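Asker: Okay, handing you the structure first.
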Amino acid sequence: MSKRVSLPRRARLLAGSLALLLSAASSAQAASIDQAVETLIAPVSQFTSALIFFTLPLFGAELPLVVLWLIAGAVFCTVYFNFINVRGLGHAFRLVRGDYADPKDKGEVSHFQALATAVSGTVGIGNIGGVAIAISLGGPGVLFWMVLAGFLGMSTKFVECALATHYRRQNADGSVSGGPMFYLAHGLAERGLPRLGRALGKFYAVGIVIGCLGIGNMFQSNQAFMQFVNVTGGAEASWFADKGWLFGLIMAALIGIVIIGGIKSIARVTEKVVPVMALLYCSMALLVLAMNAEAIPYAIGAIFQGAFTAEGVAGGTLGAIIIGFQRAVFSNEAGIGSSAIAHAAVRTRQPMTEGYVSLLEPLVDTIIICSLTGLVIVTTLYYDPALTNGSSGIEMTSRAFERNVAWFPLPLSVAALLFAFSTAISWSYYGLKGWSYLFGEGRLGRNLFKGLFCTFIVIGSMIQLQSMLDLSDALVFVICVPNILGIYLLAPVIKRELKRYHRKLASGEILDHRARASLSPTTTTSTKASDPANG
């Protein structure tokens with residue numbers, strides 16, 4: 001009993017310390033705070049990053065073992081489940097459309113809302129700026145490997161999201177909790193490894209909490225503030241240039257309003273914001289590609305040629321593969337397991353349905369949005385070979401858009417702000433579930449974490465905590481180790497449940513409500529029996 005009381009008390013002390021830090025961090029003091037925190041965290045961050053991103057020299061390239069671990073997991077899931085990433089797409093679209101939705105099912109959000117929340121967590125600043133960085137490092141060829149990684153990552157998503165829904169927990173207040181920490185603990189206990197399961201579950205929960213405060217929080221608010229300053233006059237002329245605290249407070253207030261209501265509130269926002277931001281960005285990219293139509297054959301040739309030659313890249317083709325796969329994992333988080341936490345909140349009696357729905361996440365995030373960003377940049381290189389010189393990240397992408405339409409950086413900034421906002425609210429839920437797994441589902445603890453999360457948003461827009469970001473980035477990657485291990489051990493469970501799900505579809509036990517409303521019972525049964533998911 002004393003242990004359950006002491007943990008929240010420590011958390012309150014931590015929140016109080018952070019509140020004092022925030023009150024002291026005026027714009028005049030930001031630099032000194034920045035330096036003090038960097039001095040404290042930098043050694044830990046450097047050691048952790050070196051350990052997690054340990055590399056092996058191979059054919060002139062440095063191969064990060066953690067990226068190899070993720071690639072191996074994606075290939076395993078694709079082969080073991082007989083290319084579910086291809087066979088299951090049609091059924092995934094039907095599920096998102098609501099064909100099999102029953103409002104009486106347990107859960108908190110619809111299939112579309114769960115997908116929108118998960119997509120909002122993966123589609124972020126990295127889709128705009130991260131792709132540009134990858135191309136500047138590895139050339140156009142990295143796009144080929146990025147798309148391939150996204151394709152393989154669809155299978156990983158299927159398994160981890162199906163597992164998260166299968167092993168989710170129903171809470172006393174009617175809410176649900178799921179994610180890798182739950183299927184590691186309960187799934188491995190079923191396999192006779194309860195101690196290992198509990199240890200890995202807690203390790204994952206700690207990693208997702210710290211990670212959410214870095215890449216899912218401070219990085220997003222920091223990049224959003226920098227982009228906002230750029231479009232309002234730049235560092236020299238913008239009224240907001242020295243008012244990161246104000247921008248952070250506004251962003252924290254907006255995010256706080258959303259996350260205070262939990263996953264239902266988050267889902268209501270993401271189901272509206274995600275389609276808008278995706279359509280806005282994709283429409284701009286497609287317009288630029290239409291204007292660059294004569295350069296598209298060059299871009300396709302450069303991508304395929306660069307994928308297998310990668311001149312100028314350390315390690316040649318292998319170097320391009322590493323950069324492409326690493327960028328894809330940064331983007332869609334396949335194998336990390338974070339978005340499985342959102343998918344687990346879905347209303348369904350059939351856990352396999354959310355496995356199918358999650359196939360669409362890397363499709364949208366990596367194969368569509370990242371590919372469009374890459375094509376915009378590579379087609380612009382046809383006209384301006386010096387595009388990658390002197391600029392990187394979102395600045396390079398902005399220049400590529402601006403070359404065709406002078407005012408495009410403005411809507412691009414709006415898209416970037418939406419990306420950052422949506423990513424932050426989704427990652428707040430991921431972190432909350434990790435926090436609740438460690439400290440319990442009590443309301444006080446949940447609200448304490450939400451306050452902590454909003455505090456870090458303000459901190460992120462005020463000071464540059466590069467070491468904190470590096471540390472959180474490393475911890476987000478390291479949680480793929482227990483997650484992929486869990487996937488290997490629990491894949492037979494999903495294969496068994498998948499066969500059972502197909503039998504229910506074929507027999508008509510799972511009702512197609514849309515077909516039932518428009519077709520006769522005889523035709524409806526026939527339609528179910530021929531569903532492509534049964535392949």
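Asker: Grab the beta carbon distance between residue 265 and residue 171, set R0 = 22 Å, and tell me the FRET efficiency rounded to 0.05. Please report the intermediate quantities before stating the final value.
Answerer: Numbers: r = 17 Å, r/R0 = 0.75.
In this case the efficiency is close to 0.85.
Asker: Sorted by average packing, counted as other Cβ atoms within 10 angstrom per residue and highest first, what order do 370-379, 148-157, 274-283 take?
Answerer: Values: 370-379: 24.7, 148-157: 27.6, 274-283: 17.4.
Top of the packing list down: 148-157, 370-379, 274-283.
Asker: How large, in percent, is the carbon and sulfur part of the accessible surface of region 189-273 at a probe radius of 1.4 Å? Can you show the working numbers first?
Answerer: Details: 2670 of 4040 Å².
Carbon and sulfur atoms account for 66 percent of the accessible area of region 189-273.
Asker: Between residue 243 and residue 272, how many nm apart are label points set 7 Å from Cα along the C-beta direction?
Answerer: Taking the two extended label points, one gets 2.6 nm.
Asker: Determine the share of region 113-165's accessible area contributed by carbon and sulfur atoms, expressed in whole percent, with a 1.4 angstrom probe.
Answerer: So the carbon and sulfur contribution to the accessible surface is 81 percent.
Asker: Show me the ranking of peptides 73-82, 324-333 by mean Cβ neighbours inside 10 Å, starting with the highest.
Answerer: Details: 73-82: 19.7, 324-333: 27.2.
So the order, starting with the most tightly packed, is 324-333, 73-82.
Asker: Along region 168-175, what does the Karplus equation 6.51 cos²θ - 1.76 cosθ + 1.60 (θ = phi - 60°) give for ³J(HN,Hα), rounded to whole Hz, x for Gly and Pro?
Answerer: 5, 10, 8, 8, 4, 8, x, 6
Asker: A follow-up question, please. Beyond 20 Å, what share of the Cα-Cα pairs of region 249-370 remains, rounded to the nearest whole percent? Display every interim value, and only then the final one.
Answerer: Numbers: 4694 of 7381 pairs.
In whole percent, the long-distance tail amounts to 64.
Asker: Within 10 Å of each candidate Cβ there may be at most 16 other Cβ atoms; applying that plus a DSSP loop requirement, which chymotrypsin sites (Phe, Trp or Tyr not before Pro) in region 360-437 survive?
Answerer: Numbers: sites: 382, 383, 401, 407, 419, 421, 427, 429, 430, 435, 437; in loops: 407.
The qualifying sites are 407.
Asker: Of the peptides 503-512, 131-140, 164-173, how do they stack up when ordered by the mean number of other Cβ atoms within 10 Å, highest first? Don't skip to the answer; put the middle values down first.
Answerer: Details: 503-512: 15.8, 131-140: 24.9, 164-173: 18.1.
With the highest mean Cβ count within 10 Å placed first, the list reads 131-140, 164-173, 503-512.
Asker: Report, in cubic angstrom per residue, the convex hull volume of the C-alpha atoms of region 214-254.
Answerer: Numbers: hull volume 2.6 nm³, N = 41.
Roughly 63 Å³ of hull volume per residue.
Asker: May I ask you to compute the full-extension gain from residue 511 to residue 93, defined as 0.36 nm times their residue separation minus their alpha-carbon distance, rounded to one decimal in nm? Working shown, then result.
Answerer: Working: separation 418, 0.36 × 418 = 150.48 nm, distance 1.60 nm.
Answer, rounded to one decimal: 148.9 nm.
Asker: What nm distance separates the two modelled labels at residue 51 and residue 384, each placed 7 Å from Cα along Cα→Cβ?
Answerer: 4.4 nm
Asker: Taking only protein heavy atoms into account and a 1.4 Å probe, give the accessible area per residue of region 276-369 in Å².
Answerer: Accessible area per residue, region 276-369: 33 Å².
Asker: Continuing with this model, one more query. Once label points are set 7 Å from the Cα along Cα→Cβ at both residue 406 and residue 44, what is their separation, rounded to one decimal in nm?
Answerer: Between residue 406 and residue 44, the label points sit 5.0 nm apart.
Asker: At 0.36 nm per residue, minus the direct Cα-Cα distance, what do residue 190 and residue 287 gain on full extension? Give it in nm, one decimal, please. Display every interim value, and only then the final one.
Answerer: Details: separation 97, 0.36 × 97 = 34.92 nm, distance 5.27 nm.
So the chain would gain 29.7 nm between residue 190 and residue 287.
Asker: Residues of region 95-130 with amide nitrogen under 11 Å from the 7 Å Cα-to-Cβ point of residue 349?
Answerer: Once the point is set 7 Å along Cα→Cβ of residue 349, 102-106 turn out to lie under 11 Å by backbone N, inside region 95-130.
Asker: Can you flag which of 106/272; 104/202; 202/272; 243/433; 104/504; 157/450 are past 25 Å Cα-Cα?
Answerer: From the list (106/272; 104/202; 202/272; 243/433; 104/504; 157/450), the Cα-Cα distance tops 25 Å for 104/202; 202/272; 243/433; 157/450.
Asker: Pick out, from 194, 156, 176, the residue whose Cα sits farthest towards the positive end of the charge dipole of region 104-215, with +1 on the Cβ of Lys and Arg and -1 on the Cβ of Asp and Glu.
Answerer: In region 104-215, that residue is 194.
The values are calculated or read from the model by the stated rules, or taken from the named source; none is laboratory data. Keep in mind the model is a prediction, meaning the values are calculated, not measured. We place every Cβ from the backbone using ideal geometry, glycine too, and count neighbours over all the protein chains shown. Protein only, heavy atoms only, side chains kept; ligands, DNA and RNA dropped before computing areas. Shrake-Rupley method; radii C 1.70, N 1.55, O 1.52, S 1.80 Å.
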